[in-house]
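S.K.: Right, I'll just put the structure down here and ask away after.
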Amino acid sequence: MTGFHTLLAKEVLRFWKVSVQTVAAPVLTALLYLVIFAQALEGRVQVYDGVRYVSFLVPGLVMMSVLQNAFANSSSSLTQSKITGNIVFVLLAPISTLELFGAYVLASVARALVVAAGMLATTLWFVEVPLRAPLWALAFGLLGAALAGALGLLAGVCSEKIDQLAAFQNFVIMPLTFLSGVFYSIHSLPPAWQAVSHANPFFYMVDGFRYGFFGVSDFPPGASLAIVAASLLAVSAVSLWLLKSGYKLRT
Amino acid sequence: MSLAVEEGEFFGLLGPNGAGKTTLINVIAGLARADSGSVSVLGSDVARDYRRARRLLGVVPQELVFDPFFTVRETLRLQSGYFGIRGNDRWIDEVMHHLDLASKADVNMRALSGGMKRRVLVAQALVHKPPVIVLDEPTAGVDVELRQGLWQFVRRLNRDGHTIVLTTHYLEEAELHCNRIALLKAGRVAALDTTQNLLKTISGLELVARGRDGELSRIKLKDYAELEAALARLRDAGVEIHEIELQPPDLEEVFVRLTGKERGREP
């Protein structure tokens, strides 16, 4: 048992103790999206051949929840610890920068996986969704959650107040997830908007994750995985550099 | 600033607000980075060999901070885990017993009073049995009962060989507990000596005599040996002594002289 294991266990316990808010609520929200959008748009939006819109929607919504919850976990935990001052207990301990980063990001991945499992467990009762390439789905789910968790950590390091964090969430994370092809196939968009979508890293996570279910995607899954992995490396490198510098953590 | 605290000492860091006490402690604890220079804890550099330095150090922060998600016992188990210690319940129970926290073990941190939260902070600093304990204003806003209990426990730790570094605004606490004191002023050491020497060399004794007419005469003495000569001077001056008082050295006077601050201006 090292400081890393304890910090990881503490971060998992932290969200699990308030699981109504951190797990049940996001599952319910995603289910509401599913019911409303499926009812309103079934038959009106053209997606992949032979795939019903409601089925198409499920992996997209699961990935959206994965990204939002992974981000929320690390960012809110770190920001709250900074505001209340209890981050000092971690800073006083012999825990390295890499261990701190790893514990926060893995706890984010854990929350994202629990929310994803909860969503799949509830939706698969009434929506038929195939699982043609499960390893691809798992790879995109894990890398996407890790990337969002690392982004959350970055936002948590930079934020000193809850409203700064909320701004990051509302003006960066929300638009990127909503415009990532969760609710539509980008092939239905005009060429200009397709190009814009390709600049959004969240698009590759949603599209690749969906490939794991239907075996069809808008972009080659191998290339998407490479882009997601490269984004994860880049965000991790910036987060680790900031943590090591002590920026807004150690004066 | 150049300062060495010896092993086993009960060392006091005193100074007015802004003197640099908490900054110094934060640098020692790794919470702040020094612009230049170095700090070692029992030979381990706090930046280069931070893992070992932090294991040797237990810090009680000044702010009353806590994690509202956990109970007292969970808090102490987590803190043990941060230092790589598992199965620490026997020591945790002992620390809680000494700090009168045993009855609150399963109470959420949010539900504790300020004094109780302060005790948990002390317990958190001790879970890994550090040989050096740093207490930053440990009794600020704490009731008399806890203060006495806390000092009894800290003195016991010191007798058991722990080095104690204390910052406080309560001069009588420093006078009572510390073997050696550094007075800081604007980030520099204004005085550094044993508590006794600081009191003796800077303050000395003061003889206060009241004559029959009510007039007060004050004479500074280096020690009690000068008392007879001082009384002779008063008699020679024709003072008919009605009341006499010998005031012992007082750290407050040392503090005021060296820092130029009245104690009333301190929080």
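Every number in this text was worked out from the coordinates using simple rules, so none of it is lab data. Predicted, not measured: the structure shown is a model, and the values here were computed from it. Reconstructed Cβ throughout: ideal geometry from the backbone, glycine too, with neighbour counts over all protein chains shown.
S.K.: Tally up the residues in the stretch B:45-77 that are in contact (Cβ under 8 Å) with a residue 24 or more places away in the chain, assigned to a loop (DSSP other than H, G, I, E, B) and under 23 Å from the mean Cα position of the chain (by Cα), please.
M.R.: So the count comes out to 6.
S.K.: Something else now. For the stretch B:1-28, give me each residue that is touching a residue at least 40 places away in the same chain (Cβ under 8 Å) and closer than 23 Å to B:Arg156 by Cα.
M.R.: So the first thing to find is which residues in the stretch B:1-28 are touching a residue at least 40 places away in the same chain (Cβ under 8 Å), and the list is B:1-3, B:5-25, B:28.
Passing the criteria: B:Val5, B:Glu6, B:Glu7, B:Gly8, B:Glu9, B:Phe10, B:Phe11, B:Gly12, B:Leu13, B:Leu14, B:Ile25.
S.K.: Same structure, new question: Could you look through the stretch A:1-18, keep only residues that are more than 9 Å from chain B (Cβ to nearest Cβ) and surrounded by 22 or more Cβ atoms within 10 Å (Cβ to Cβ), and pick out the one that is nearest to A:Ala107 (Cα to Cα)?
M.R.: The residue in question is A:Glu11.
S.K.: Take the stretch A:3-52 and flag every residue that is more than 24 Å from A:Leu113 (Cα to Cα) and of a type in the set (Ser, Thr, Tyr).
M.R.: A:Tyr48 - this is the single residue of the stretch A:3-52 that is more than 24 Å from A:Leu113 (Cα to Cα) and of a type in the set (Ser, Thr, Tyr).
S.K.: Where residues in the stretch B:5-20 are within 24 Å of B:Gly161 (Cβ to Cβ) and in a loop (DSSP other than H, G, I, E, B), which of them is nearest to the other protein chains (Cβ to nearest Cβ)?
M.R.: The selected residue is B:Val5.
S.K.: Hey, another quick one. Could you check the stretch B:2-44 and list, in sequence order, the residues that are among the β-branched types (Val, Ile, Thr) and under 15 Å from the mean Cα position of the chain (by Cα)?
M.R.: Those that are among the β-branched types (Val, Ile, Thr) and under 15 Å from the mean Cα position of the chain (by Cα): B:Val5, B:Thr22, B:Ile25.
S.K.: Same structure again: How about the stretch A:180-231: which of its residues are free of Cβ contacts under 8 Å to residues at least 24 places away in the same chain, surrounded by 14 or more Cβ atoms within 10 Å (Cβ to Cβ) and in a loop (DSSP other than H, G, I, E, B)?
M.R.: The answer is A:Leu189, A:Ser217, A:Phe219.
S.K.: Here is a follow-up. If a residue must be surrounded by 16 or more Cβ atoms within 10 Å (Cβ to Cβ) and within 27 Å of the chain's Cα centre (by Cα), how many such residues does the stretch B:79-99 contain?
M.R.: Of the residues in that region, 10 qualify.
S.K.: When the residues of the stretch B:21-43 are narrowed to those that are within 14 Å of chain A (Cβ to nearest Cβ) and part of a helix (DSSP H, G or I), which ends up surrounded by the fewest Cβ atoms within 10 Å (Cβ to Cβ)?
M.R.: Ranking the qualifying residues of the stretch B:21-43, first place goes to B:Thr23.
S.K.: When only residues in the stretch A:19-42 that are within 14 Å of chain B (Cβ to nearest Cβ) and surrounded by 13 or more Cβ atoms within 10 Å (Cβ to Cβ) count, which is farthest from B:Gly87 (Cα to Cα)?
M.R.: Looking at residues that are within 14 Å of chain B (Cβ to nearest Cβ) and surrounded by 13 or more Cβ atoms within 10 Å (Cβ to Cβ), I get A:Thr22.
S.K.: Something else: Inside the stretch B:44-100, can you point out the residues that are more than 7 Å from chain A (Cβ to nearest Cβ) and touching a Lys or Arg at 6+ places or on another chain (Cβ under 6 Å)?
M.R.: Result: B:Ser44, B:Leu64, B:Pro68, B:Val72, B:Leu99.
S.K.: Which numbered condition trips up B:Leu246, out of (1) within 30 Å of B:Glu137 (Cβ to Cβ); (2) touching a residue at least 40 places away in the same chain (Cβ under 8 Å); (3) touching a strand residue (DSSP E or B) at 6+ places or on another chain (Cβ under 7 Å)?
M.R.: (1)
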